[in-house]
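The values are calculated or read from the model by the stated rules, or taken from the named source; none is laboratory data. Source: prediction; values computed, not measured. In this analysis, Cβ positions are derived from the backbone assuming ideal geometry, glycine residues included, and neighbour counts consider all displayed protein chains.
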């Protein structure tokens, strides 16, 4: 059950990150992966900065979205379309 919740939160965080950061689309699977990895990056980065967006689903989605935006920015910086 925890895997399903992680996928749902990752999908929402990836979708939210892709809506905020307008770049090249990665599709549904790409958004899920970016959201899950973004969640780990967001928790690590915000933890280092001493920032907490709260607990629960909303905090996890917002933290994942912040991480997803960072990943999408770096992805578009590296693989810039010309």
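Take the conditions outside any loop (DSSP other than H, G, I, E, B) and either under 15 Å from residue 22 (Cβ atoms) or modelled with pLDDT of 85 or more (or both) and apply them to residue 69. Does it pass?
It is true that residue 69 is outside any loop (DSSP other than H, G, I, E, B) and either under 15 Å from residue 22 (Cβ atoms) or modelled with pLDDT of 85 or more (or both).
Of the residues that make up region 16-30, is at least one in contact with a helix residue (DSSP H, G or I) (Cβ under 7 Å, 6 or more places away or on another chain), outside any loop (DSSP other than H, G, I, E, B), buried (at least 16 other Cβ atoms within 10 Å of the Cβ) and free of Cβ contacts under 8 Å to residues at least 40 places away in the same chain?
no
Of the residues 41, 77, only one is part of a helix (DSSP H, G or I) and either surrounded by fewer than 17 Cβ atoms within 10 Å (Cβ to Cβ) or at pLDDT below 85 (or both); which?
Sole residue among the options that is part of a helix (DSSP H, G or I) and either surrounded by fewer than 17 Cβ atoms within 10 Å (Cβ to Cβ) or at pLDDT below 85 (or both): 77.
Looking at this structure, is residue 46 farther than 21 Å from residue 76 by Cβ, at pLDDT 85 or above, in contact with a helix residue (DSSP H, G or I) (Cβ under 9 Å, 6 or more places away or on another chain) and outside any loop (DSSP other than H, G, I, E, B)?
It is true that residue 46 is farther than 21 Å from residue 76 by Cβ, at pLDDT 85 or above, in contact with a helix residue (DSSP H, G or I) (Cβ under 9 Å, 6 or more places away or on another chain) and outside any loop (DSSP other than H, G, I, E, B).
If only one of 51, 36, 3, 9 is farther than 21 Å from residue 77 by Cβ, assigned to a helix (DSSP H, G or I) and either at pLDDT 85 or above or touching a helix residue (DSSP H, G or I) at 6+ places or on another chain (Cβ under 8 Å) (or both), which one is it?
9
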